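The values are calculated or read from the model by the stated rules, or taken from the named source; none is laboratory data. Values in this document were obtained by computation on a predicted structure and should not be read as measured data. Cβ: placed from backbone, ideal geometry, glycine included. Neighbour counts: every protein chain shown. Heads up: the accessible areas ignore ligands, DNA and RNA and are worked out on the full protein's heavy atoms, side chains in. Shrake-Rupley method; radii C 1.70, N 1.55, O 1.52, S 1.80 Å.
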Amino acid sequence: MRGWLSTGNEIAAFWYPRPSHAGHLHRDRRLALLAPRWSTTGIARRNNIEMREVPILSRWPERLKAAEDLDADVLISALFDYRVPTDMLEIFGRKAVNLHPAPLPAYRGPHATQWMILHGSIRSQAAVTLHVMSAEFDAGDVIASCPVSFPADGSLTRYSMAVAEATRHLTAHALPRYLAGEIVSKPQDADRANYCRLTSAQLMIGPHLDSETVRFMCETFGSIGMLSV
């Protein structure tokens, strides 16, 4: 949001899914007081942006009218939990883009970060990817990517902040250039694609993991739990 606004653009509305529990939105509102630059609520309030909780898009009959009523030129998705139906993507065409918190096509899917931690690749391959949205998750043409350094102490909080900063950079710099025709998106190599969806069992510590992997998992996941869905 900060990246897009910094380039002189406006945000017609911010759509978000129903939080997995009420505490998520409450924490963001509290963050608006403590660190307004890192709070969705804080940015929305300062810029008079409508915040709207939306149902699962595929089950929302009014989704097309709601999208068209906004009169927006670009659809920007970031960590959005719901699949965006094809009829909504058709409204925006190649101006519907997503910010994926991992390199593509190697790490598609909802658990890309956990997958990279489990395999140790997060220390050398972490990145945020800006790509065109398509009917298939994380499979659209790549516009640009921004590498992210993983903290030496394994802090996921600091890593999340670095990912957010990379996201801001792509939104402020690469996205406007793409929309102006200065950057040409490139198709992903399907032969290198990997869809990352993990189960709790795969992330449980056991004899199937070597000691270095167990140590790294404990340092990074810590008390937050081994799987975030």
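Structure data summary
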quantity	calculated
Residue 18 surrounded by fewer than 12 Cβ atoms within 10 Å (Cβ to Cβ), at pLDDT 80 or above and within 20 Å of the chain's Cα centre (by Cα)	no
Top-ranked residue of region 116-152 - restricted to ones that are open to solvent by 80 Å² or more (accessible area, probe 1.4 Å) and part of a loop (DSSP other than H, G, I, E, B), ranked as farthest from residue 76 (Cα to Cα)	152
Among (1) over 27 Å from residue 178 (Cα atoms); (2) polar (S, T, N, Q); (3) without any contact (Cβ under 8 Å) to a residue 24 or more places away in the chain - the single one residue 48 does not satisfy	(1)
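Residues checked against (1) over 18 Å from residue 103 (Cα atoms); (2) modelled with pLDDT under 80:
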{"position": "155", "(1), (2)": "yes, no"}
{"position": "168", "(1), (2)": "no, no"}
{"position": "181", "(1), (2)": "yes, no"}
{"position": "195", "(1), (2)": "no, no"}
{"position": "201", "(1), (2)": "yes, yes"}
{"position": "211", "(1), (2)": "yes, no"}
{"position": "228", "(1), (2)": "yes, yes"}
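Listed here are the residues, each with its yes/no results for (1) touching a Phe, Trp or Tyr at 6+ places or on another chain (Cβ under 9 Å); (2) closer than 25 Å to residue 128 by Cβ.
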{"site": "4", "(1), (2)": "no, yes"}
{"site": "19", "(1), (2)": "no, yes"}
{"site": "61", "(1), (2)": "no, no"}
{"site": "69", "(1), (2)": "no, no"}
{"site": "74", "(1), (2)": "yes, yes"}
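Table: residues versus (1) closer than 21 Å to residue 172 by Cβ; (2) aliphatic (A, V, I, L, M); (3) part of a helix (DSSP H, G or I); (4) within 17 Å of the chain's Cα centre (by Cα).
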position	(1), (2), (3), (4)
11	yes, yes, no, no
26	no, no, yes, no
33	no, yes, yes, no
37	yes, no, yes, no
43	yes, yes, yes, no
48	yes, no, no, no
51	no, yes, no, no
